[in-house]
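A.B. asks: Next up is a structure, given as structure tokens.
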């Protein structure tokens with residue numbers, strides 16, 4: 001059980017909650033997909049593949065092909081070697097109806113060894129979290145699409161036979177939680193190269209692991225993003241369909257975890273007005289930036305991203321002074337009175353290759369964490 005609690009605290013490190021309001025089902029906050037990961041999680045205004053079911057179901061309405069995508073990652077293996085995360089998504093458009101998508105997430109922390117009070121091994125079990133959902137998106141007008149999704153969430157914390165053998169845990173029944181949630185999103189393309197989008201994720205009842213335990217709220221999140229393509233060099237061959245020779249895309253997201261808003265209690269909160277408290281909450285949001293460069297029909301794409309989570313002390317610019325470290329954003333670094341030696345920058349990166357409908361992507365975000373680890377996601381996508 002100690003292992004599970006430790007892992008949960010690390011996954012929660014990206015969020016700061018007041019009044020003890022911590023979410024359950026925190027695995028829903030992990031970025032699925034290698035491409036979005038390489039872009040620092042900034043995918044809300046792109047959402048042009050099957051992972052739109054997660055990032056922005058509004059993007060499904062613009063899709064015209066069946067897309068199947070799978071992802072695997074050994075999740076933070078230096079933290080615990082047995083953890084891994086799987087993601088599966090498929091999107092299928094139907095003429096004059098819209099696009100339907102299925103997506104599933106599976107996270108396991110590996111095998112847990114159960115010992116009694118004397119230290120004798122009495123068995124093992126495997127903890128896991130699972131989410132399965134359906135999403136739908138429809139193009140309302142040529143530049144505007146809306147979408148939504150429904151998902152069921154199951155978390156297997158501990159089997160009942162363990163509770164019966166270890167009364168010291170303080171639980172006689174339970175150990176598994178089941179709930180549901182909905183997502184909603186819109187994607188707007190005011191210009192051919194400029195897209196903006198927003199998504200509300202994980203709106204649903206809390207999850208509880210026993211009849212006597214206090215239920216945990218789901219990680220309700222609001223995502224807002226924009227993407228812009230300043231360069232798209234097309235072929236000059238007019239006898240055939242034009243294709244892109246070189247493309248450059250810039251993208252950015254702001255993500256706010258809504259659980260615990262205005263419950264965080266910094267020392268100066270008593271002297272804050274509502275506007276100042278709102279500014280404080282906005283300052284606690286996650287910031288993501290990404291850039292991708294593709295060449296010749298996107299046969300090769302290179303990506304780099306930046307991520308900053310102030311309250312969770314992830315990413316950003318890490319300054320070290322004496323034995324203390326501080327995570328700061330770009331503007332405070334450039335225009336503030338920050339002191340200390342720059343030791344690390346929270347960048348993400350990756351690449352993709354595409355051929356004959358297949359696309360293989362890798363995304364790396366291990367540098368956003370302060371502890372040494374590897375976190376390399378591999379995705380395989382096929383467009384029919």
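Nothing in this text is a laboratory measurement; each read-out follows from the coordinates by a stated rule. On a predicted model such as this, the values are computed, not experimentally measured, just so you know. With ideal geometry, Cβ positions are generated from the backbone for all residues, glycine too; neighbour counts draw on all protein chains shown.
A.B. asks: Measure nothing but the geometry: give the 0 to 90° angle between the long axis through the Cα atoms of 274-283 and the longest principal axis through the Cα atoms of the chain, rounded to 10°.
C.D. replies: Rounded to the nearest ten degrees, it is 80.
A.B. asks: Just the projected area, averaged over all directions, of the convex hull on the alpha carbon atoms of region 114-159: how many nm²?
C.D. replies: Mean projected area for region 114-159: 4.8 nm², to one decimal.
A.B. asks: Report relative contact order for the chain in percent, whole number only (criteria: Cα-Cα under 8 Å, sequence separation at least 6).
C.D. replies: 19 percent
A.B. asks: Given an 8 Å cut-off on Cα distances and at least 6 residues of separation, report the relative contact order of region 74-159 as a percent.
C.D. replies: Dividing the mean separation by the residue count of region 74-159 yields 23 percent.
A.B. asks: Relative to the longest principal axis of the C-alpha atoms of the chain, give the angle of the C-alpha long axis of helix 2-11, reported between 0 and 90° and rounded to the nearest 10°.
C.D. replies: 30 degrees
A.B. asks: Multiplying the sequence separation of residue 246 and residue 337 by 0.36 nm and subtracting their Cα-Cα distance, what value in nm do you get?
C.D. replies: That pair, residue 246 and residue 337, stretches by 28.7 nm at full extension.
A.B. asks: What share of all Cα pairs of region 306-384, in percent, falls into each consecutive 10 Å distance bin?
C.D. replies: Each 10 Å bin holds this share of Cα pairs: 17, 38, 22, 15, 7, 1.
A.B. asks: If you take the Cα Rg of region 61-120 and divide it by 2.2 N^0.38 Å, with N the number of residues, what do you get?
C.D. replies: 1.84
A.B. asks: Whole-Å semi-axes of the chain's equivalent ellipsoid, largest first, each the root of 5 times a Cα gyration tensor eigenvalue?
C.D. replies: One finds semi-axes of 36, 26, 21 Å for the chain.
A.B. asks: Starting from the 7 Å offset along Cα-to-Cβ, what nm value, one decimal, do you get for the label separation of residue 296 and residue 374?
C.D. replies: Placing both labels 7 Å along Cα→Cβ, they lie 3.1 nm apart.
A.B. asks: Just to be sure I follow: if Rg is taken over the C-alpha atoms of region 34-165 and Rh is the Kirkwood radius over the same atoms, what is Rg/Rh?
C.D. replies: Rg divided by Rh gives 1.15.
A.B. asks: Right, next: Determine, for 277, 292, 192, the number of other Cβ atoms within 10 Å of each Cβ, and report the residues in order from fewest to most.
C.D. replies: 192, 277, 292
A.B. asks: Which FRET efficiency, nearest 0.05, do residue 141 and residue 280 yield, Cβ-Cβ r, R0 45 Å?
C.D. replies: Result of the calculation: an efficiency of 0.75.
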